[in-house]
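What follows is a single structure, written as structure tokens, with notes after it.
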Amino acid sequence: MSGAIPAGLTQAEAAERLRQVGPNQLAPPRRRAVLLQFLSRFRNPLVLLLLGASLISALTGEVASFAIIAVIVTISVTLDFVQEHRAGHAAERLRASVALRATVRREGTACEVPVSEVVPDDLVLLAAGDLVPADGVLLEARDLFVNQALLTGEAFPVEKRAGAGGGLGDDPADAPDGVYMGTAVISGSGLARIVRTGRHSALGQISATVAAAPPPTAFEQGTQAFGLLIMRVTLLLVLAVLLVNILLQRPPLESFLFALALAVGLTPELLPMIVSVCLARGALRMAAQRVVVKRLAAIHDLGSMDVLCTDKTGTLTEARIRLERHLDARGGDSDRVLQLAYLNSAFETGLRSPLDDAILAHGTHLSTGDWRKIDEVPFDFERRRVSVLLDDGRQRLLVVKGALEDIARLSTAYEGARAGETEPIDAATRAAIAARFAALSAEGFRVLGIAWRAVDAAHDHAVVDDETTLVFAGFAAFLDPPKATAADALRALADAGVTVKVVTGDNELVTTHVCQSLALPVAGVLTGAQLAAMDDQALAAAVEDTTLFCRVSPAQKNRIILALKRRGHVVGYLGDGINDAPPLHSADVGLSVDGAVDVAHEAASLILLDHDLRVLHAGVLEGRRTFGNIMKYIMMGTSSNFGNMFSMAAATLVLPFLPMLPVQILLNNLLYDLSELPIPLDEVDPELLRRPRAWNMRFVRRFMVTLGPVSSLFDFLTFFLLLHLLRADEALFHTGWFLESLATQVLVIFVIRTRRSPLRSRPARALAAAALVTVALAVAIPFTPLAPALGFAVPPPTFFAALAGMVALYLASAELVKRAFYRAWLEAP
């Protein structure tokens, strides 16, 4: 576009437009008032049933029961809301820190703003690697190629030209000067005036009609499976208890309240809060390790990851690439090769790579002179090369730089010993070029081929078909030294049960050299050409024993990830380029880095602020620590808690009265929940961090049926003590069993939280204090003025002595059964 450069909107104009049209988001977040968020917690069916039943109690004269149940439910809901609300805010702040930003021109100056603040009439600068932030029309474009597959399904990028006409039509495929929200800039640069944002964009209109929820993650599937297990057990037990009470002709309302309270006691209502707080705390701890979590459930997936696929540049190497040698076709040093490589990199406007930066840094003494650029064929990952069409007034050349194998294949001649002299490439010369390439690669050099072709002066538009009958100029050889910290990080990941596989566009000789330098064992090598000849079944068999995947395309990277997942692996993928978006989407854990292109940034679930595998190893351990604490709550809920509720249900068969009043069950449940609140702060034993861990409902069921009966056994001993030794009436029975059930249920956390002896694994101080204070509070309740309203009586001193002995014996028995369970579990096939 000729003429004056447009200045763009003023900040005041942009703010006014943002107020008028709203944020540039497909579905602007609905921010409800805090009070409404709190009240929404009462929509839980169990909570509504409890409140309804308590209201019936009030109408029938049981006002005290109504008040107590209402207070207990309110406290429980409030605890859940406050903890999860705080966790949600912490996670949201972390996600906002890595939110996508767009470069806009306002008041004549380029500045970065959050994508959500882009407004109509903003001037947005586009460059390779960017996601287009909103629908717009191009005012300027230089070799701008955009991938529109998101909207059109067309896999190949299309070129966009300013002033080509068409504007923002109904069909993105028929809009040569239109760019659309969510599409990816593959190469070139441009300036677009934004026309439509958010829900008014083409993507927004589509998403409103065809939006579908993403498939559940491994973590979500695990929590759903656990919820179904608890629901089945609860329904079966509650219906059985209700039926027994009706057959025994007990008061219907009291029986209903008892069954309902039993359901609440069995339901792990704190699980959503424990999960949210554990994950949010894990996200904060990972942020301290310079890892930002965009999707909280990815923390679990990271801990479960057993295969990590990564590129080598910047991860295994320093990403400080240097041009070390520039050789002609015969292997001699060549300034001519450096000059041609410099011209190609200096005039290239597409996706600039570190290799271009290395060429320009090495050639600081050079200049472009009289050369001017006519056109360009941008780099893409299928061709693996870039061509620029240049003219200096005397000659017009197409200068090509790219993968050595492809450049050599497309060349029919090579430069001779004297300047301007070319000789045809015969079989011997081609073999010599291949041998020199192999020798350089084996020394760890990354090698590009440099070639050119003379065209006539009328040739003013470069196309892919021009890249034929080239003259091979020589080799540009680069070094990227192995990262000093990578060897230790790879060893640490291996010790943690994570297998590292290298997926790269580089050739196998260079990659093998790097891996050998880092002592990474190479079990097998598979090239892109070999992979292309395999069907999915053959690839799934091959990926297991392959360490290096070399010279692979973006589509092949995605096939590798999917093949590993079909083999049952939890797969992580670390990438930062345009070509990494598909595998980042497909992996269980998509990992990118802070400096990644927008496409990779958006596809990833976690962002590493440091490109360092040591940081990733720390994140893996944090994921396992987070999952370990979540499992502590689940194991508590499926063992002692379940045992106590089962005992209560069984007691209805033999007792002439309810074994515990509904309000007492709810109080028991509330105090138990209070004792569990610090679980997210607890530490996890080192041996549980050594291997990937994932949801295993078979393990949960077995743990429940193994540890639960131990709790029930001691409940029955308590029944015998109260009924036959202490001759307890109804109030004393309720009091005695309330204290025993709560003490065993709370204190067993010291046994269940670790596979070790409780004496060798210390809990967090907050968790220990919460458990002890809760038990002390329960013991004190019968001595308070609230006791009569709650249906409690003061137990005799002999009961407390017996209680202390039974609790100690229970904990010892639970410890012995736990050890036997883990021995059997570990020895099972």
(message) Please go through (1) in contact (Cβ under 8 Å) with a residue 40 or more places away in the chain; (2) open to solvent by less than 10 Å² (accessible area, probe 1.4 Å); (3) of a type in the set (Asp, Glu) for residue 375 and return the number of the only condition it doesn't satisfy.
(response) (2)
(message) Of all residues being among the small types (Gly, Ala, Ser) and surrounded by 24 or more Cβ atoms within 10 Å (Cβ to Cβ) in the stretch 284-303, which is farthest from residue 606 (Cα to Cα)? Just the residue, please.
(response) 303
(request) Please report, ordered by residue number, the strands (runs of 3 or more DSSP E) entirely within the stretch 122-197 with at least 1 residues that are of a type outside the set (Lys, Arg) and in contact (Cβ under 8 Å) with a residue 60 or more places away in the chain. (result) 123-127, 135-147, 184-196
(message) I'd like the full set of residues that are at pLDDT 75 or above and either under 29 Å from residue 632 (Cβ atoms) or not in a helix (DSSP H, G or I) (or both), limited to the stretch 241-274.
(response) 241, 248, 249, 250, 251
(message) Looking at 519, 541, can you tell me which residue is outside any loop (DSSP other than H, G, I, E, B) and open to solvent by 30 Å² or more (accessible area, probe 1.4 Å)?
(response) 541
(message) Every residue in the stretch 801-810 that is within 50 Å of the chain's Cα centre (by Cα), surrounded by 12 or more Cβ atoms within 10 Å (Cβ to Cβ) and over 23 Å from residue 754 (Cβ atoms), please.
(response) 803
(request) Only one of these is open to solvent by 20 Å² or more (accessible area, probe 1.4 Å) and either within 18 Å of residue 539 (Cα to Cα) or more than 18 Å from the chain's Cα centre (by Cα) (or both): 625, 614, 566. Name it. (result) 566
(request) Tell me which residues, restricted to the stretch 790-799, are more than 50 Å from the chain's Cα centre (by Cα) and assigned to a helix (DSSP H, G or I). (result) 797, 798, 799
(request) Within the stretch 305-319, work out how many residues are surrounded by fewer than 24 Cβ atoms within 10 Å (Cβ to Cβ) and in contact with an Asp or Glu (Cβ under 8 Å, 6 or more places away or on another chain). (result) 6
(message) Among the residues that make up the stretch 501-514, is at least one of them out of contact with any Ser or Thr (no Cβ under 7 Å at 6 or more places or on another chain) and in a helix (DSSP H, G or I)?
(response) yes
(request) Can you work out which of the residues in the stretch 780-800 that are open to solvent by less than 50 Å² (accessible area, probe 1.4 Å) and of a type in the set (A, V, I, L, M) is nearest to residue 759 (Cα to Cα)? (result) 780
(request) Can you work out which of the residues in the stretch 576-611 that are closer than 21 Å to residue 564 by Cβ and touching an Asp or Glu at 6+ places or on another chain (Cβ under 6 Å) is most open to solvent (accessible area, probe 1.4 Å)? (result) 588
(request) Return the residue satisfying two criteria in turn: it lies in the stretch 673-691 and is aliphatic (A, V, I, L, M) and not in a helix (DSSP H, G or I), and of such residues it is surrounded by the most Cβ atoms within 10 Å (Cβ to Cβ). (result) 684
(request) Go over the candidates 658, 653 one by one and state the one that is surrounded by fewer than 16 Cβ atoms within 10 Å (Cβ to Cβ) and outside any helix (DSSP H, G or I). (result) 653
(message) Give me the strands (runs of 3 or more DSSP E) completely within the stretch 389-468, filtered to those with at least 3 residues that are open to solvent by less than 20 Å² (accessible area, probe 1.4 Å), ordered by residue number.
(response) 396-403, 446-455
(request) Return yes or no: is residue 380 under 36 Å from the mean Cα position of the chain (by Cα), closer than 30 Å to residue 605 by Cβ and part of a helix (DSSP H, G or I)? (result) no
(request) Just need a number here: residues in the stretch 612-639 that are in contact with a Leu (Cβ under 9 Å, 6 or more places away or on another chain) and part of a loop (DSSP other than H, G, I, E, B). (result) 2
(message) Name the residue that is modelled with the lowest pLDDT, counting only residues in the stretch 329-354 that are within 30 Å of the chain's Cα centre (by Cα) and surrounded by fewer than 22 Cβ atoms within 10 Å (Cβ to Cβ).
(response) 352
(message) Considering only the stretch 320-328, I want to know if a residue exists there that is in a helix (DSSP H, G or I), open to solvent by 50 Å² or more (accessible area, probe 1.4 Å) and in contact with a strand residue (DSSP E or B) (Cβ under 6 Å, 6 or more places away or on another chain).
(response) no
(request) Confirm whether residue 813 is polar (S, T, N, Q), surrounded by fewer than 20 Cβ atoms within 10 Å (Cβ to Cβ), touching a residue at least 12 places away in the same chain (Cβ under 8 Å) and assigned to a helix (DSSP H, G or I). (result) yes
(message) Which count do you get for residues in the stretch 339-372 that are closer than 20 Å to residue 471 by Cα, free of Cβ contacts under 8 Å to residues at least 60 places away in the same chain and among the aliphatic types (A, V, I, L, M)?
(response) 1
(request) Please specify each residue of the stretch 361-372 satisfying the condition of being at negative phi and either crowded, with 16+ Cβ neighbours inside 10 Å or outside any helix (DSSP H, G or I) (or both). (result) 362, 363, 364, 365, 366, 367, 368, 370, 371, 372
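The values are calculated or read from the model by the stated rules, or taken from the named source; none is laboratory data. Treat the numbers as computed from the prediction; the structure is a model and nothing was measured. Cβ atoms come from the backbone with ideal geometry, glycine included; neighbour counts cover every protein chain shown. Ligands, DNA and RNA are stripped out before the accessible areas are found, and what is left, the full protein with its side chains, is counted by its heavy atoms. Shrake-Rupley method; radii C 1.70, N 1.55, O 1.52, S 1.80 Å.
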